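Enquirer: First, the structure itself, so that you have it in front of you.
What follows draws every value from the coordinates through simple rules; no lab data is involved. If you're wondering where the values come from, they're calculated on a predicted model, not measured in any experiment. Cβ placement follows ideal geometry from the backbone for every residue including glycine, while neighbour counts extend to all protein chains displayed.
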Amino acid sequence: MYAELCRRFADDPLVDALVGPDPAWDAPLRLLGGLHALVLSCRASWDDVDAALKQHADFLAWAVAERPVQTNEVQRCWVLLPCFLELVRRSGCDELDLVELGPSAGLNLVWDRYRYVYNAGEWGPAAAGLELRGEERRSVPDELLRERPRIGRRVGIDLAPVDVTTEEGALLLKSFVWADQTERLELLDRAIETLRADPPQLLSGDIAAELPRVLAERRDGPLTVVWQTAALGYLSDEGREGVRAALETAGRETPLGWVSGGRSKRSEQEWAMKVRLWPGGDRKAVAYADWHGGWLEWVA
């Protein structure tokens, strides 16, 4: 649907006026997100896009210029859960404090409230409002799914966190999901409902600057697990080095876990899911996965 619209917009003078002569790389995403927000709020229809471009030109021009692209892919939790459980297994800790870098709205910070289905079994509350499943190209071990950590503190650090306890925040996230991907929209709705029962703490600020302070406030006892999926790619070299330094410093003092989705040596079309446990642990790939969490190959 969006590919068809973008081909159409490429030669549309109405769109030229909205995006300007030198549009940013994400201008198509911002324009489509603005249109989707109008449709979701019943102010426009996909059946008459021309009318939306004309009648809501001011809003759409503002959306392209000022409304940042924001996504929070909750399906990634299906890939992240075994990584968290692997850290529990290796550390022997049965209580975790969570710190997510670039959490957007924090939907992945409440991963323990969702239900998960794997080849070897299920994990999570039976009455959960959201169930996640995917394609296992190599199965998650049954013994890993028997781990049942308790969750204490939940903190996310984001330059512009989204408050989905408000309708405005929820609309922002939903508008940047492709409009014809109804399954993703349904997962997002269920995740938002789950989060609203008890939202995590979201801090607004630079990740590299805030992380040392957050790690300095760790509690004795729980294993603090820090993770990111796509956030490091948006940082400068200096910012990434700041994150690494903060983790190394904190890991010398007390146990610390790290989970990261990043570039795979096997293919540019997948992530290598890596974990590390301080003190003394090496970073190791435990799985390969689809960027959005659709498939998982467990290799640990």
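Enquirer: Stretched out fully, how many nm does the piece from Arg252 to Ala51 gain, at 0.36 nm a residue minus the Cα gap?
Expert: Once the chain is fully extended between Arg252 and Ala51, it gains 66.4 nm.
Enquirer: Also, quick follow-up: Put a dot 7 Å past each Cα toward the Cβ at Ala61 and Glu186; how far apart are the dots in nm?
Expert: Modelled inter-label distance: 4.0 nm.
Enquirer: Would you please name the trypsin sites (Lys or Arg not before Pro) within the stretch 123-223 that are DSSP coil residues with at most 16 other C-beta atoms within 10 Å of their C-beta? Please report the intermediate quantities before stating the final value.
Expert: On the way: sites: Arg133, Arg137, Arg138, Arg146, Arg150, Arg153, Arg154, Lys174, Arg184, Arg190, Arg196, Arg213, Arg218, Arg219; in loops: Arg146, Arg218, Arg219.
Here the trypsin sites (Lys or Arg not before Pro) that fit, given the DSSP loop and packing criteria, are Arg146, Arg219.
Enquirer: Express in nm, to one decimal, how much length is gained between Tyr234 and Asp220 on full extension, taking 0.36 nm for each residue of separation and deducting their alpha carbon distance.
Expert: 1.9 nm
Enquirer: Between Arg138 and Ala160, what is 0.36 nm times their sequence separation minus the Cα-Cα distance? Round to one decimal in nm.
Expert: 4.3 nm
Enquirer: To continue, here is another question. What FRET efficiency comes out for Asp282 versus Asn119 if R0 is 22 angstrom and r is the Cβ-Cβ distance? Round to the nearest 0.05.
Expert: Efficiency at R0 = 22 Å is approximately 0.20.
Enquirer: Also, I was wondering about something else. Give me a comma-separated list of calculated 3J(HN,Hα) values for the stretch 251-257, in order, Karplus coefficients 6.51, -1.76, 1.60 applied at θ = phi - 60°, integers in Hz, x for any Gly or Pro.
Expert: x, 6, 8, 8, x, 8, x
Enquirer: Which net charge results for the neighbourhood of Leu296, defined as the other residues with beta-carbon distances under 12 angstrom from its beta-carbon, given Lys and Arg at +1 and Asp and Glu at -1? Before the final figure, lay out the partial values.
Expert: Values: positive: Arg76, Arg133, Arg137, Arg138; negative: Glu135, Glu136, Glu270, Asp290, Glu297.
Neighbourhood net charge equals -1.
Enquirer: What residues qualify as long-range amide H neighbours of Ala105, i.e. H under 5 Å apart, gap of 5 or more or another chain, H built at 1.01 Å from N?
Expert: Here the answer is Val162, since their amide H atoms fall under 5 Å of that of Ala105.
Enquirer: Quick check: net charge around Ser91, other residues with Cβ under 12 Å of its Cβ, Lys/Arg +1 and Asp/Glu -1?
Expert: That sum, taken over residues with Cβ under 12 Å, equals -1.
Enquirer: Suppose we flag GluC sites (Glu not before Pro) only when DSSP calls them loop and at most 12 other Cβ atoms lie within 10 Å. Which is the longest uninterrupted stretch of the chain?
Expert: 1-216
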